[in-house]
Amino acid sequence: MKKLKKTERGTGMPTNNKIKRLKKSNGINHKSLLDFIVYNSIEANKEVDSKNQLENNSREAEESRTNSKFNYSRGISDKVEKVEENIDHLEEKNTNPLYPPVKDTPIQKLSEDNYMPNIEEKSSELEEDKENSVVFDAKNQVIILNAKNRKAFIYFEKVEDTKVDVNLAKDGKIPVYPVYELILKRARRPEAKTLRIKLIWRRNEKGNVEWHIENYGAVVNQIYEFLSSSKKDKHITKDMVKLALDYLINEIPHEPKEVDIVDYVQSDPELRQLFNELKRNPIKFVLDHTDNIVGNEELKIKILYAVVSSVLPPLEQSIYRIHLIINGNFGVGKSSTVESVLNLFFNNADGFSDYIVYKATRFTRNALGHLDVDNLDGKVFYLVQMDYAEGVNYLREALDMGYLITIYPCRDSNTGEIKQCENIIKGMPVFISTNVSANLDDQLLSRVLQLYLPRKTDNETIHKVFIKKVTKPKRKVDITKIKLVTYAWLKSLPKDVAIPENVAEKMWEFYARYFNLEKIKKDEINNIFRPIDHFRNLVHVHALIHGHDVVRENDVDEVISLFKKDLILSAFLLSELDLKIMKFLRDIGAVEEENGKTPHMVRTLVVASEFKMYVRSMKNILDRLANNGLLIKELEEGRTSLWCLSRYGLNVVNDLLEGEQQQESEAKPWENFFQPPEEKYDYIVSKIADKPEWTVEELRTMLQQHAEANTDDLVNKWIKLLEETKVIRKISENKYKALVKWKAIDSETKELVYEEEESCEAYDGQPYDENNKVMRLCLSIGNAYIENTEDGKRIFRVIK
């Protein structure tokens, strides 16, 4: 027969050596768990009639402890009844209704109020009373607060996960948070209260998950107010409540859950259709949903390129974004065109946590150094007018450094002394702005691409603009759905693309043509490397938009066709006025002679009169053009400046002007963009695999029948696509070889395989491409080697 254990301090509460109390003197061992729970009762001090009765009571208490489980299907009242059973049925059953649950509050930015205090630090603040303790029983899902002669219980159970809230998305992932239900009970009191709390998590800079309770301060206050509402319960302190919540966070294993934004979009039929349209042809999608602004298609596409550059990976000591400044007279539609495209993406006024566009009508002088942004990568800064940015500090650094570090004096909140503080913002944003009259310095202009928007003068365009502005047509699709789709698309793009060596050589041909290497050697051209960054970024983005993870030669051709003028003007820091001045000198014959004869040169006054400018202002422009090697300057009698166009400048102006005329007659690059639906493309590939070789006539007939290519232009686009994706290869003037075939898996199943996936011989004798998976695989298994030729090339050779 078991004896009743000795009670402490006459409280009537049986002691148990297995219970570890949390005291100020010996710190807190928050890892310890109770083997069983002993509850206070109002009858604990009564005399026991007999030893047999004591033994029976102990046995009943033990059985009640081990067999009782929470069953939420029976409702909250059952939980309260089980609490009463565990204190030996000595209290009356609870008949009072529970307090209504606390409503969830919106997710807010973590502040000091959400900070979870350290257990060891807070334990020292408990009262110097050996009865003060907080114990945790994971098995029975209860936390017990001991305060002198009083006890309180916090029962907990996870009841659900929060609904997916897309506004909480971060880096393409939507976090899902667990919700716990707490039941608050005081010993020897019939009342109980229930409330729900939300555990939120975030990843720190090291990638580790940190858990917090949403609205932590309010939760502590509600629990404390209920548990200490009676005068007899005043010994339960807020510190004890905080320690109890610490246990809830630290002792229960939590798994961070999240939903991929693409999966979220694909789960909705309307969003899925929009997403597939955007993925299939991003340029057409943007033009279709910005048709409220008439014309300016080329500018819209260039703005899209800038936005997409926000996903490019960081590069050290390099500009890895596309920055744009759109120049033009007032009223030509600069801002409206820019905003028509940027409005397709989430901005900082939408309430979306991971917004893309940061809009501002004005930046104060030191605003950029104190932005409330963790990382500038993935952001697009849009300043409505550059006139409001001339005095902004850090703008040049933000456009090419990859970080902003602001060091400033501040006052220590504890000591009151002045100390050094710093604000570090990593990353590089895309910068877009418009400009009418601001005089921007060359250092800023060398970091951006300058675009020029001419005034609309033809009657047809003016008529369309008039009708649009008067009728104000409604948007076809809910703008929020479009923003969700564009966000998912940006986050699903590859983080980087590879540039093979042959494509890099093609890019070099363009660079070398317009950058006079002799002038560079003589230090007559300063802006050398930033144009390379601009060119590389445009090629990268063009490949991403067209769904390529490796840049192709035709990508370079299309970028040159679309951005040739912008690249050259930005490289030489030229404006539209500069181009007009060079054209004027060419037209009047003020051009350097090839045979060494003295060229016809003009004075500054002649050029200034033509453009109705002050002589001094014109001379500054002509000096800048001469410094870039585009003009030749001579002094007449040591004082008067004479000018003519250099042969180098003549080539540049001819190419630019001829390119403009050629672009007007040719189809625009985005008009040739072709990307059929994936289902139809897969079907055509399966048809190609039916035959090892195809004549041109057979191939065209098959495409007309099965791809619904009812025009020669559409058939040609299909053939070009199949060649680019290595489905077919032209082996003669009238014949194509199929690079896909059917491979039998068993008697009933077959699958499509590509020649490159099964044959190293397909690449024998070709230049080695380190991004080619088949070449790398063949080398790794010893079936091939690299041959270094005398001219410096690396040729892939198969061991036969």
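The values are calculated or read from the model by the stated rules, or taken from the named source; none is laboratory data. No experiment lies behind these values; they were computed from the predicted model shown. Cβ: placed from backbone, ideal geometry, glycine included. Neighbour counts: every protein chain shown.
Kindly indicate which of 335, 318 is more than 19 Å from residue 441 (Cβ to Cβ), in contact (Cβ under 8 Å) with a residue 24 or more places away in the chain and in contact with a Ser or Thr (Cβ under 7 Å, 6 or more places away or on another chain).
Working: 318 fails: in contact with a Ser or Thr (Cβ under 7 Å, 6 or more places away or on another chain).
Selected residue: 335, the only one of 335, 318 that is more than 19 Å from residue 441 (Cβ to Cβ), in contact (Cβ under 8 Å) with a residue 24 or more places away in the chain and in contact with a Ser or Thr (Cβ under 7 Å, 6 or more places away or on another chain).
What about residue 166, is it in the same structural domain as residue 151 (by TED's automatic domain parsing), under 30 Å from residue 492 (Cβ atoms) and modelled with pLDDT of 80 or more?
yes
Kindly list, by first and then second residue, each pair from a residue in region 614-630 that is touching a residue at least 12 places away in the same chain (Cβ under 8 Å) to a residue that is among the aromatic types (Phe, Trp, Tyr), limited to pairs with Cβ atoms under 6 Å and residues at least 6 apart or on different chains.
Once the first residue is touching a residue at least 12 places away in the same chain (Cβ under 8 Å) and sits in region 614-630, its partners that are among the aromatic types (Phe, Trp, Tyr) give 622/643; 628/572; 629/648.
Kindly establish whether residue 406 is closer than 16 Å to residue 306 by Cβ and surrounded by 10 or more Cβ atoms within 10 Å (Cβ to Cβ). Steps first, please.
Values: closer than 16 Å to residue 306 by Cβ: no; surrounded by 10 or more Cβ atoms within 10 Å (Cβ to Cβ): yes.
Taking the combined requirement at face value, the residue does not satisfy it.
Output the residue which, of all residues in region 310-328 that are among the small types (Gly, Ala, Ser) and over 27 Å from residue 478 (Cβ atoms), is surrounded by the fewest Cβ atoms within 10 Å (Cβ to Cβ).
Quick first cut of region 310-328, residues among the small types (Gly, Ala, Ser) only: 310, 318, 328.
Remaining after also requiring over 27 Å from residue 478 (Cβ atoms): 318, 328.
Numbers: 318: 16, 328: 20.
In this case the residue turns out to be 318.
Taking strands (runs of 3 or more DSSP E) that fall entirely within region 324-427, which contain at least 3 residues that are touching a helix residue (DSSP H, G or I) at 6+ places or on another chain (Cβ under 7 Å)?
Those strands (runs of 3 or more DSSP E) span 324-327.
Within region 689-724, track down each residue that is surrounded by fewer than 16 Cβ atoms within 10 Å (Cβ to Cβ), out of contact with any Asp or Glu (no Cβ under 9 Å at 6 or more places or on another chain) and of a type in the set (D, E, K, R).
The answer is 690, 693, 697, 698, 708, 712, 713, 720, 723, 724.
Residue-wise test of (1) farther than 30 Å from residue 785 by Cα; (2) touching a residue at least 40 places away in the same chain (Cβ under 8 Å); (3) not in a strand (DSSP E or B).
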{"position": "705", "(1), (2), (3)": "yes, no, yes"}
{"position": "708", "(1), (2), (3)": "yes, no, yes"}
{"position": "722", "(1), (2), (3)": "no, no, yes"}
{"position": "730", "(1), (2), (3)": "no, no, no"}
{"position": "743", "(1), (2), (3)": "no, no, no"}
{"position": "746", "(1), (2), (3)": "yes, no, yes"}
{"position": "765", "(1), (2), (3)": "no, no, yes"}
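With the requirement that a residue be among the charged types (D, E, K, R), at pLDDT 85 or above and surrounded by fewer than 18 Cβ atoms within 10 Å (Cβ to Cβ), what does region 589-615 give you?
Answer for region 589-615, where residues must be among the charged types (D, E, K, R), at pLDDT 85 or above and surrounded by fewer than 18 Cβ atoms within 10 Å (Cβ to Cβ): 603, 610.
Kindly provide the set of residues from region 769-800 that are outside any strand (DSSP E or B), modelled with pLDDT of 70 or more and small (Gly, Ala, Ser), ordered by number.
Passing the criteria: only 792.
Could you tell me whether region 626-646 includes any residue that is at pLDDT 75 or above, assigned to a helix (DSSP H, G or I), touching a helix residue (DSSP H, G or I) at 6+ places or on another chain (Cβ under 8 Å) and of a type in the set (A, V, I, L, M, F, W, C)?
No, there is no match, as no residue in region 626-646 is at pLDDT 75 or above, assigned to a helix (DSSP H, G or I), touching a helix residue (DSSP H, G or I) at 6+ places or on another chain (Cβ under 8 Å) and of a type in the set (A, V, I, L, M, F, W, C).
Out of the residues in region 365-405 meeting the condition of being hydroxyl-bearing (Ser, Thr, Tyr) and modelled with pLDDT under 80, tell me which one is farthest from the chain's Cα centre (by Cα).
Among them, the one singled out is 388.
Hey, could you check region 573-588 for residues that are in contact with a strand residue (DSSP E or B) (Cβ under 8 Å, 6 or more places away or on another chain) and modelled with pLDDT of 85 or more and say which is farthest from residue 628 (Cα to Cα)?
Ranking the qualifying residues of region 573-588, first place goes to 588.
In region 329-346, what count of residues is obtained for those that are more than 14 Å from residue 483 (Cβ to Cβ), at pLDDT 85 or above and crowded, with 21+ Cβ neighbours inside 10 Å?
Total meeting the criteria: 2.
Looking at region 716-731, is at least one residue more than 23 Å from residue 555 (Cβ to Cβ) and not hydrophobic (A, V, I, L, M, F, W, C)?
Restricting attention to region 716-731, the residues satisfying the condition of being more than 23 Å from residue 555 (Cβ to Cβ) are 731.
Next, only the ones that are not hydrophobic (A, V, I, L, M, F, W, C) stay: none.
No, there is no match, as no residue in region 716-731 is more than 23 Å from residue 555 (Cβ to Cβ) and not hydrophobic (A, V, I, L, M, F, W, C).
Output the residue which, of all residues in region 547-588 that are part of a helix (DSSP H, G or I) and of a type in the set (Lys, Arg), is surrounded by the fewest Cβ atoms within 10 Å (Cβ to Cβ).
580
Test of understanding: among 545, 532, 568, 528, which residue is within 28 Å of residue 329 (Cβ to Cβ) and either out of contact with any strand residue (DSSP E or B) (no Cβ under 6 Å at 6 or more places or on another chain) or modelled with pLDDT of 85 or more (or both)?
568
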